[in-house]
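*Asks:* Here it is, the structure in full.
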Amino acid sequence: MIRVTQFSDLHFSTTGERSHGGFGYDVDAVWELVFADAFAEDRPTPDLVVLTGDVADHGLADEYIKAADKLARVPAPMNSCPGNHDYHLPFESHFPRPGLTMSRTLRVGEWLFLFADSNFQGKEVDSSGRLVDHEERLHSTPQFGPVETAWLSETIGATDADHAFIWVHHPPGAPGGYSNPDHDAEVASIAAAHPKLRGVGAGHTHTDSIVDVAGTTVHTCPAFTVNIDYVAGTLLPPGYRTYEFGADGSVSSTCHFIEDPSLWPRNPLPRAAIRMLTGEISWDEMMSELDVGD
């Protein structure tokens, strides 16, 4: 049995502001409570901790330095993939440390873990041939793109591991305004070609959903900051996920919320937020409506 703990959408900040326009939770305080819960004495120490992106809130070098210092206490090896808030150059140059890596693949027992980049539409090649962020990275549409999709398929096809699992920031099968049928189709094509793909672990949507995309189970991890119950239309407390990967290819996953009604009540969402989540309006339009008291 391989045990993995997943943290996603940590959104550490050094600006003195909370994430998401000030509506976010105090992630420094959240981290202390998450750490105490995830690594409690009565909980098995994981074999691996996976970070599925949005480590920083603004993609700043100082935020990655802070995040790495916070995470240094974790008593297990960690590996990360990028989110849409993780601006390419500062993320790769300031975040990795010994025990905190950004490997593209990890072989653990009979499992191959692949760490994918779903920010294809948030990057471009500049005149020198470098891959750089463009201005719309933060709100870009989730997608692997043809090169990343080919890499995933070819790598799964070449491995002698019995089972494969993809870790990525943007989840296929995402709800409402976060959905992209092209991203879903990419996963469907990989799964059709490689039956040893056992699932996907993702973040981004700040919820705890488990959905099926073309026969592939997609597990979504809640965030350290604002979380959402898309069915009830309410907020959720911060949280994380744990997994057990069996030698037989089985995957079991449990979501853990840090319940404290005095800190994170499950209040109803504003109407503007619901409209944004269902794809009726953009993030900027939602923020504008919230500013005028809607």
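*Asks:* Of the residues Asp126, Asp160, Asp229, which is at pLDDT 95 or above and acidic (Asp, Glu)?
*Replies:* Asp160 is the lone residue from the list that is at pLDDT 95 or above and acidic (Asp, Glu).
*Asks:* Select from the range 131-174 the residues that are free of Cβ contacts under 8 Å to residues at least 12 places away in the same chain and either under 21 Å from His58 (Cβ atoms) or crowded, with 24+ Cβ neighbours inside 10 Å (or both) and list them in ascending order.
*Replies:* Glu135
*Asks:* For the range 197-238, which positions are on the phi > 0 side of the Ramachandran plot and surrounded by 20 or more Cβ atoms within 10 Å (Cβ to Cβ)?
*Replies:* If the condition is that a residue be on the phi > 0 side of the Ramachandran plot and surrounded by 20 or more Cβ atoms within 10 Å (Cβ to Cβ), then Gly199, His204, His206 are the ones that fit.
*Asks:* Can you tell me which residues in the range 60-77 are under 19 Å from Thr45 (Cα atoms) and surrounded by 15 or more Cβ atoms within 10 Å (Cβ to Cβ)?
*Replies:* Lys70, Leu71, Val74, Ala76, Pro77
*Asks:* Among (1) without any contact (Cβ under 8 Å) to a residue 24 or more places away in the chain; (2) more than 24 Å from Pro82 (Cβ to Cβ), where does Ala247 come up short?
*Replies:* (1)
*Asks:* Please specify each residue of the range 252-266 satisfying the condition of being crowded, with 18+ Cβ neighbours inside 10 Å and within 25 Å of Thr217 (Cβ to Cβ).
*Replies:* Ser253, Cys255, His256, Ile258
*Asks:* On to the next question. Just the residues that are part of a helix (DSSP H, G or I) and either closer than 21 Å to Asn79 by Cα or not small (Gly, Ala, Ser) (or both), please, taken from the range 152-179. Give the steps one after another, and end with the answer.
*Replies:* First, the residues of the range 152-179 that are part of a helix (DSSP H, G or I): 152-158, 176-178.
Residues satisfying the conditions are Leu152, Ser153, Glu154, Thr155, Ile156, Tyr178.
*Asks:* So for the range 99-109 (the condition being surrounded by 22 or more Cβ atoms within 10 Å (Cβ to Cβ) and under 26 Å from Thr5 (Cβ atoms)), does at least one residue qualify?
*Replies:* No, the range 99-109 contains no residue that is surrounded by 22 or more Cβ atoms within 10 Å (Cβ to Cβ) and under 26 Å from Thr5 (Cβ atoms).
*Asks:* Within the range 220-238, how many residues turn out to be free of Cβ contacts under 8 Å to residues at least 40 places away in the same chain and not charged (D, E, K, R)? Can you show your working first?
*Replies:* We begin by selecting, within the range 220-238, every residue free of Cβ contacts under 8 Å to residues at least 40 places away in the same chain; these are 227, 229, 231-232, 234-237.
Remaining after also requiring not charged (D, E, K, R): 227, 231-232, 234-237.
So the answer is 7.
*Asks:* List pairs: first in the range 187-200 and touching a residue at least 40 places away in the same chain (Cβ under 8 Å), second in a helix (DSSP H, G or I) and surrounded by fewer than 17 Cβ atoms within 10 Å (Cβ to Cβ), Cβ under 8 Å, 6+ apart or cross-chain?
*Replies:* These pairs meet every condition: Ala193/Gly157; His194/Gly157.
*Asks:* Ser80 - would you say it is within 26 Å of Arg3 (Cα to Cα), polar (S, T, N, Q) and buried (at least 22 other Cβ atoms within 10 Å of the Cβ)?
*Replies:* When the stated conditions are applied, Ser80 passes them.
*Asks:* In this structure, does Asp182 turn out to be farther than 23 Å from Val147 by Cβ and either part of a helix (DSSP H, G or I) or out of contact with any Ser or Thr (no Cβ under 9 Å at 6 or more places or on another chain) (or both)?
*Replies:* For Asp182, the condition - farther than 23 Å from Val147 by Cβ and either part of a helix (DSSP H, G or I) or out of contact with any Ser or Thr (no Cβ under 9 Å at 6 or more places or on another chain) (or both) - is not met.
*Asks:* Taking the condition of a type in the set (D, E, K, R), touching a residue at least 24 places away in the same chain (Cβ under 8 Å) and within 26 Å of His139 (Cβ to Cβ), does Asp54 pass?
*Replies:* yes
*Asks:* Hey, can you tell me all the residues within the range 221-236 that are among the hydrophobic types (A, V, I, L, M, F, W, C), touching a Leu at 6+ places or on another chain (Cβ under 8 Å) and within 10 Å of Asp208 (Cα to Cα)?
*Replies:* Result: Ala223, Ile228.
The values are calculated or read from the model by the stated rules, or taken from the named source; none is laboratory data. Quantities reported herein were computed from a predicted structural model and do not represent experimental measurements. With ideal geometry, Cβ positions are generated from the backbone for all residues, glycine too; neighbour counts draw on all protein chains shown.
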